[in-house]
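Trainee: First, the structure itself, so that you have it in front of you.
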Amino acid sequence: MKIEQKRWTKDTGWVFLYEQGLQEKAQLLFLFGNRHMLKNFQLFDEIKAAYPNAHILGCSTAGEIAGTQVHDHSLVATAVYFEKTPVKVVKSKIDQYGSFHVGQQLARSLDKNGLSHVFVLSEGLNVNGTDLARGFVDSLPRQVAVTGGLAGDQNLFEETLVFSDGPPEKDVVVAVGFYGEAIQIGYGSMGGWDSFGPERLVTRSQGNVLYELDDHSALELYKKYLGDHARGLPATGLLFPLSIRTEDNAQSLVRTILSINEEAGSMTFAGDIPEGSYARLMKANLERLVDGASGAADICAKTSAVAGVHLAVLISCVGRKLVLKQRVEEEIEAVQERLGEQAILTGFYSYGEICPGGPTDNVCELHNQTMTITTFYEKI
């Protein structure tokens, strides 16, 4: 397994960060970048010309990760050459049948014989991430884990783009299947937020739309807690996610706001808010966010059969970036420290993360406000 990485900015053009002369050899290329730059088809054509035999997949972001640095308004391209690992890329568009159907459709499009892992990149605004994850779980073998994330758009919530082997598109989900026993893949996800205020019962919701908590308008209660921050919704909602707990699930899931509807008094989240579940507000603790990133890297070691890592794809929530601000690179540095200097890091800041709930569980779920890591190592 060989990897090379380069970054494009308006000031520098393309600059290699790691170079191994892959060109025609690369079978897969991850491309993460600013929404407006991804629409520059000349840049996309330059990448395709540089790696003519590679499947190119990627998405728009709320920030790009290259090594231990976090960038805005750039493109980060990471090319991968596998010696023994076949890959297959599939794509589907979200339509009237919904996110669950898309997850099923993509899972069924992948040959199950020898399938080791599935990595997913999804539209970030017009998707129910919970249903998407359930669709994959419904149609994949139990032993095949799914990781990935939802595209971002800085903190603008205007438009997200996803692509595979073609121009970026809206409302698209792509998945890549990795095959064979040579590829060793680890994964881990952890947050680091603190809960505050009382736990409230979700008394009215529909899918990922929340209407009432304790029989009161959820939006009005939320605004009351946010105070002056409420004027900046939905973007400021990234600083105060909800922790959701169901009676039959002791482990909480974090949910991030995507939009609000003043007329309906509702809030739309990246994943489901089930009626009868319990919701509690969360706020940031900077040290715990960095510790959470370290913890996600430690979990990766428990899910991978080997100690070594060649490549790590980091997907961290935009809310973490907004909270950490100038300290944002500390969480990336914490991951590098845990995985080792030999690991090449790429990834992006997202509107949601997809990963199993724990190191012994292959059932993927939608997470928000986490650092989620997928590590790759190929046995020679």
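The values are calculated or read from the model by the stated rules, or taken from the named source; none is laboratory data. Just so we're clear, the structure is a prediction, and the values are computed from it rather than from any experiment. Here the Cβ is made from the backbone with ideal geometry for all residues, glycine too, and neighbour counts use every protein chain on show. Protein only, heavy atoms only, side chains kept; ligands, DNA and RNA dropped before computing areas. Shrake-Rupley method; radii C 1.70, N 1.55, O 1.52, S 1.80 Å.
Trainee: Out of the stretch 274-295, which residues are under 23 Å from Leu156 (Cα atoms) and either of a type in the set (D, E, K, R) or part of a loop (DSSP other than H, G, I, E, B) (or both)?
Mentor: Within the stretch 274-295, Lys283, Ala284 qualify.
Trainee: Let me ask you something else. Considering only residues that are open to solvent by less than 70 Å² (accessible area, probe 1.4 Å) and at pLDDT below 90, look in the stretch 282-298 and name the one that is farthest from Gly197 (Cα to Cα).
Mentor: So, considering only residues that are open to solvent by less than 70 Å² (accessible area, probe 1.4 Å) and at pLDDT below 90, the one farthest from Gly197 (Cα to Cα) is Leu286.
Trainee: Out of the stretch 18-47, which residues are over 24 Å from Ile380 (Cβ atoms) and buried (at least 17 other Cβ atoms within 10 Å of the Cβ)?
Mentor: Leu31, Phe32, Gly33, Asn34, Arg35, Met37, Leu38, Leu43, Phe44, Ile47
Trainee: From the list Thr61, Thr9, which one is of a type in the set (Val, Ile, Thr) and more than 19 Å from Leu121 (Cα to Cα)?
Mentor: Thr9
Trainee: Now for a different question. If I filter the stretch 85-109 down to residues being part of a loop (DSSP other than H, G, I, E, B) and in contact with a helix residue (DSSP H, G or I) (Cβ under 9 Å, 6 or more places away or on another chain), which single residue comes out as least open to solvent (accessible area, probe 1.4 Å)?
Mentor: Filtering the stretch 85-109 for residues that are part of a loop (DSSP other than H, G, I, E, B) and in contact with a helix residue (DSSP H, G or I) (Cβ under 9 Å, 6 or more places away or on another chain), the one least open to solvent (accessible area, probe 1.4 Å) comes out as Ile94.
Trainee: Just to verify a result, which residue in the stretch 231-255, among those that are aliphatic (A, V, I, L, M) and either part of a helix (DSSP H, G or I) or modelled with pLDDT under 80 (or both), is farthest from Leu210 (Cα to Cα)?
Mentor: Ala250
Trainee: List the pairs whose first member sits in the stretch 314-334 and is over 22 Å from Leu31 (Cα atoms), whose second member is open to solvent by 10 Å² or more (accessible area, probe 1.4 Å) and not in a helix (DSSP H, G or I), and whose Cβ atoms are under 6 Å apart, counting only residues at least 6 apart or on separate chains?
Mentor: These pairs meet every condition: Val323/Ala284.
Trainee: Quick check on this structure: which one of Gly271, Gly265, Gly227 is on the phi > 0 side of the Ramachandran plot, in contact (Cβ under 8 Å) with a residue 12 or more places away in the chain and either surrounded by fewer than 23 Cβ atoms within 10 Å (Cβ to Cβ) or in contact with a Gly (Cβ under 7 Å, 6 or more places away or on another chain) (or both)?
Mentor: Within the list Gly271, Gly265, Gly227, the selection yields Gly265.
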